[in-house]
Amino acid sequence: PLCIQLINPNTSLAMTEVMAQTARSVAAPETQILAVCPEEGAPSIEGHFDEAVATLGVLQQIKAGRDAGVDGHIIACFGDPGLLAARELARAPVIGIAEAAMHLATMLATRFSIVTTLPRTLTIARHLLHQYGFERHCAALHAIDLPVLSLEDGSGLAQQKVREQCIAAKKSDGSGAIVLGCGGMADLAQELTLELNIPVIDGVSAAVKMVESLASLRLTTSKHGDLDYPLEKPLSGRFAGLNLR
Ligand SMILES: NC(=O)NC1=NC(=O)NC1=O
């Protein structure tokens, strides 16, 4: 049986729980989901600065998962913070939820739209599209203009805004699929897929199945070239714990 480490890069336990529940609902029966988040860092990630703050915690969790011998790691934030650094540390596959959702969307439609949280994070999503080579597949990006943690405030307002943006995107963008641009939206994808009758894709679910696929194919992160383990050097202070040896 597989053990997959689900890392919420922000420190909000409610969001970790929503994503863990979604991950467990789609995982194979024998797959174990180990849901974690950094002990210290940002309660939500809503920009380049927050991503930088969160990345150290992500790497510390990757190291812990590696030491625990997990079969794969998921970086469960739509900016995929620290993805390549994490792949240097890890042996097992490391999958970001944005990358995973985008990949699945390209297999289901010729164009997809993204619905995310704050307008300022649209640029981060655009950077990812270019980094992953998906910019020609993305018809448009939209933001609900509410902060990430509004998804956890129990009011249902953010969820309603996501639904409205998805309906509008289907009508206006000419895209055949929608990618939900936040880990906190993980629990909305299945219902929206049924209501809109197009694939509405959550990256947490997509990443779980990708890790399971890679593990079943015995495929792991390449250690040849730039994703080889980091060069050995005496990291100091709080960073000493990141040394692999
Ligand atoms: N675009 C986003 O909403 N990114 C995110 N910030 C978080 O804290 N979690 C996310 O998925």
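Throughout, read-outs are computed from the coordinates displayed, never taken from laboratory work. Just so you know, these numbers come straight off a predicted model, no measurement behind them. Neighbour counts are summed over all protein chains in view; Cβ atoms, including those assigned to glycine, are modelled from backbone coordinates with ideal geometry.
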message: So if I restrict to the alpha-carbon atoms in segment 1-112, what is the Rg, and what is Dmax, the biggest pairwise distance, in Å?
response: 13.6, 40
query: Going by alpha carbons, how many degrees (0 to 90, nearest 10) lie between the helix axis of 203-216 and the longest principal axis of the chain?
result: 50 degrees
- prompt: Between Ser222 and Arg111, what is the label-to-label distance in nm when each label sits 7 Å out along the Cα-to-Cβ direction?
  reply: 3.2 nm
- prompt: Expressed as a whole percent, how much of the Cα-Cα distance distribution for the chain exceeds 29 Å?
  reply: 24 percent
- request: Mind pulling the angle between the C-alpha long axis of helix 97-108 and the longest principal axis of the chain? Nearest 10 degrees, somewhere in 0 to 90.
  value: 50 degrees
message: If you fit an axis through the alpha-carbon atoms of helix 13-26 and take the longest principal axis of the Cα set of the chain, what angle between them do you get, 0 to 90°, nearest 10?
response: 80 degrees
message: Springs between alpha-carbon pairs under 10 angstrom, Gaussian network model over the chain: which of Ala206, Ala20, Ala215 fluctuates most?
response: Ala215
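Once the convex hull of the alpha carbons of segment 1-65 is built, what does its volume come to per residue, in cubic angstrom?
On the way: hull volume 4.9 nm³, N = 65.
Once divided by residue count, the hull of segment 1-65 is 76 Å³.
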Net charge of neighbours whose Cβ lies under 11 Å from the Cβ of Ile144, counting Lys and Arg as +1 and Asp and Glu as -1: 0
- prompt: Which log10 I(q)/I(0) values, to two decimals, does segment 179-230 give at q = 0.20, 0.27 Å⁻¹ under the Debye formula with one point per Cα?
  reply: -0.76, -0.95
